[in-house]
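Structure record follows, encoded as structure tokens.
Just so it is clear, none of the values below were taken in a lab; they were calculated from the coordinates. Source: prediction; values computed, not measured. Ideal geometry is used to build each Cβ from the backbone, glycine not excepted, and the neighbour counts take in all protein chains shown.
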Amino acid sequence: MSTVAGTGDQADTLRQMAHKAKKNQADAAQPGGLANHKGIRVISVTSGKGGVGKSNVVSNLAIALSAQGKKVLLIDADLGLGNLDVLLGLSPAYNLNHVMSGEKTVMEILIDGPAGIKIIPAGTGVQELTSLGQHEKLKLLDELDMLEEQFDIMIIDTEAGISENVTYFTVAAQEIFVVVTPEPTSITDAYALIKLLATRYSEHHFKVLVNMAKDSEDALEVFRKLANVAGRFLDISLDYLGCVVKDEKVVEAVKRQKAVTELFPDSEAAGCFATLARRVIENKRQGGIKGNIQFFFRRMLDNQGAS
């Protein structure tokens, strides 16, 4: 990973931040430590291709997690084509670009979503991130400390595909969820994404969520196909997170700009999301070795500025 070069003072500041994050993480690992009381999980949800319902999965999973007592923050990381607000019938006045320009703070752009979730709307392009100086980056990171205290889980909805934007957000997260459908092209593209993240960015742990499956057996077969190919050619850990079945209630909810878990809570798809949320809560990644929310944004911003 490349990092941004700066002045001696800036480098010292970043080293101090990294030292503080490591110390907090070490304290959290101790019995009765900080992790037993707070510590946000940063989960990146991505896919190898568009059209797999990833953003719909993200929004409904967040609502299901909130219904089970978790405080959830969503960040729409599809810079330029973000659609979480559209899916949920929201009209944000400000977005991440307004934070980058200094017009607004992170807290001021947060919008309320269904079931108490909070959303950071997407900006309109990655150039704003690359133009930030070191001082602006550090100011942004200071603001993010407030979010660390307020949420249990942050879910990043990345772009589809294998663009640099996807890797920026994905490699900085603690956990990577890959959404795939039964279509052969989706499986092929999901493998290509996993291969890229494994070989170029040394990511070795992935959780697979199968969307639009006929039933649980269909979903397991999709996972087996992906796991078999990955097992032959890659040194990675691929875990099955679960599935969401194909349900016309999802289509109806999208048309009405509502989450299916909100509009049709008794539907089969809503039941799938409730099960997924329980698994996410139960299967918290051990160790949290990739840091917290500030680590996530510091790594992402440093990579954005790298040449």
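Within the stretch 212-249, how many residues are more than 25 Å from residue 274 (Cα to Cα) and among the basic types (Lys, Arg)? Spell out the reasoning first.
Keep residues of the stretch 212-249 that are more than 25 Å from residue 274 (Cα to Cα), which gives 225, 228-236.
The next check asks that each one be among the basic types (Lys, Arg); those that pass are 225, 232.
Within the stretch 212-249, residues that are more than 25 Å from residue 274 (Cα to Cα) and among the basic types (Lys, Arg) number 2.
Quick one: in the stretch 171-206, of everything that is within 12 Å of residue 48 (Cα to Cα) and β-branched (Val, Ile, Thr), which residue is surrounded by the fewest Cβ atoms within 10 Å (Cβ to Cβ)?
Selected residue: 185.
Just to be sure I understand the filter: pairs with C-beta atoms under 6 Å, separated by 6 or more residues or on different chains, first member in the stretch 51-74 and on the phi > 0 side of the Ramachandran plot, second member surrounded by 24 or more Cβ atoms within 10 Å (Cβ to Cβ) and assigned to a strand (DSSP E or B). Which pairs pass?
53/211
Mind checking which pairs have a first residue in the stretch 244-273 that is assigned to a loop (DSSP other than H, G, I, E, B) and a second that is among the charged types (D, E, K, R), Cβ under 8 Å, 6 or more apart or different chains?
246/214; 247/268; 264/249; 264/252; 267/247; 267/249
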